[in-house]
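Worksheet: the structure to be examined is printed underneath.
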Amino acid sequence: MEEIMRLLENNDNLKELVDSLTYKEKVERSLTLIEEAYEKYGDGLVVANSLGKDSVCAWALAKMVSPDIRGFIVTTRFKPVETVRFMYETVEQYPELKIYKNDEDIPEQLYEYDPDRCCNILKVLPTRRAIEEMDVTCWVTGLRCTEGRTRTDYREVEERDEGLIKLNPILIWKEREVWQFLALNNVKVNPLYAEGYRSLGCAPCTNISTDENERAGRWIGTSKCGGECGIHTRPLKGEFANVL
Ligand code: SF4
């Protein structure tokens, strides 16, 4: 009998798929990826929900696969009040979403002169803690390859840390398709999008930008501009995970 190739093991040319698949085909592909991963990893599959539109989209897709899928939110002392309010509303609706935060002391305005260190302490460390405490073997993200300069070399299924699979089920979605999905499924989003933000983070490091690049409003004026907080680039599990 011919063995059925699972989407989880695909080696497709993702750059081509970004333009060749229709919205509906992308939704079906994402649901299949999550379904197959949930079948394989069970409760070890957990969604990282940053409360941005892409995470909220990945979370909604996961909930379509199973209402039992768990998730975590990493928040910081610098999140805008609107995001904090939205976080509590979301957690009230989905108590299976756990909040992680690092309250340790850090130098004042660290974000201005060393944003990498600030993000490491406030975002990467709590992400590692979530992965450890929730026994995560497969984390699901809302990463998209068309989102910015740093996000072009990812795969839908990756193992950047040994023993920890990273599933990026909406990797090939365009910004427009995310909004299409959220609108068609009446998914609530952070009210800050109505102000014109296209990518959301901590208040001191997030601006409204008219640049074509979706993440151009992040960390303006620093070497990190348009870049990453580190949860997608730093080790999250294993012997190097606690090295800052
Ligand atoms: S986004 Fe800015 S304030 Fe938030 S953790 Fe990173 S550097 Fe610090």
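Considering all alpha-carbon pairs of segment 151-207, what whole percent are spaced by more than 13 angstrom?
Summing the P(r) tail past 13 Å for segment 151-207 gives 73 percent.
Let me check the size of segment 5-50 from its C-alpha atoms; what are the radius of gyration and Dmax in Å?
Over segment 5-50's Cα set, Rg and Dmax evaluate to 12.2, 33 Å.
For the chain, what does the relative contact order come out to in percent, with C-alpha contacts under 8 Å and a separation of six or more?
It rounds to 23 percent for the chain.
Can you figure out the FRET efficiency of residue 15 with residue 110, using R₀ = 45 Å and their beta-carbon distance, to the nearest 0.05?
It comes to 0.75.
On a full-extension model of 0.36 nm per residue, what is the gain between residue 66 and residue 31, subtracting their alpha-carbon distance, rounded to one decimal in nm? List each step's numbers first, then the result.
On the way: separation 35, 0.36 × 35 = 12.60 nm, distance 1.04 nm.
Between residue 66 and residue 31, full extension yields 11.6 nm more.
At most 15 other C-beta atoms within 10 Å and a DSSP loop state: those are the exposed GluC sites (Glu not before Pro) I care about. Give me the longest piece of the chain that has none.
Counting only loop sites that pass the neighbour cut-off, the longest clear stretch is 4-95.
Hey, what number do you get for the chain at 222 nm if only DSSP H runs of n ≥ 4 count, each worth -39500 (n - 2.57), divided across all residues, to the nearest 500? Before the final figure, lay out the partial values.
Details: 8 runs with 80 residues, N = 244.
Value at 222 nm, helices only: -9500 deg cm²/dmol.
Give the Cα extents of segment 122-223 along the principal axes, in whole Å, largest first.
For segment 122-223, the Cα spread along each principal axis is 40, 35, 26 Å.
Just to check, using Stokes-Einstein with a Kirkwood Rh over alpha carbon pairs, what's the diffusion coefficient of segment 1-85 at 20 °C and 1.002 mPa s in µm²/s?
143 µm²/s
What's the longest bit of the chain with no exposed trypsin sites (Lys or Arg not before Pro), using DSSP loop states and at most 12 other Cβ atoms within 10 Å as the test?
My reading of the result: 1-76 is the longest stretch.
For the cross-link pairs 63/166; 188/237; 98/188; 123/188; 63/224, which exceed 22 Å when the distance is taken from alpha carbon to alpha carbon? Intermediate results must be reported in sequence, preceding the final value.
On the way: 63/166 18 Å; 188/237 32 Å; 98/188 19 Å; 123/188 24 Å; 63/224 33 Å.
Exceeds cut-off: 188/237; 123/188; 63/224.
How are the C-alpha pair distances of the chain spread across 10 Å bins, as whole percents from the shortest bin up?
Calculated P(r), rounded to whole percents: 7, 32, 39, 18, 3, 0, 0.
What number, in nm² with one decimal, is the all-direction average of the projected area of the convex hull of the alpha-carbon atoms of segment 47-105? List each step's numbers first, then the result.
Details: hull surface 16.0 nm².
About 4.0 nm², averaged over all directions.
Compute and list, largest first, the equivalent-ellipsoid semi-axes of segment 76-129 from the alpha carbon gyration tensor, each √(5λ) rounded to a whole angstrom.
24, 13, 8
We did not get these values from a lab; they are worked out from the coordinates using the rules stated. Remember, predicted model here, so these are calculated numbers, not experimental data. Because the Cβ atoms are built from the backbone with ideal geometry, glycine has one as well, and the counts that use them run over all protein chains shown.
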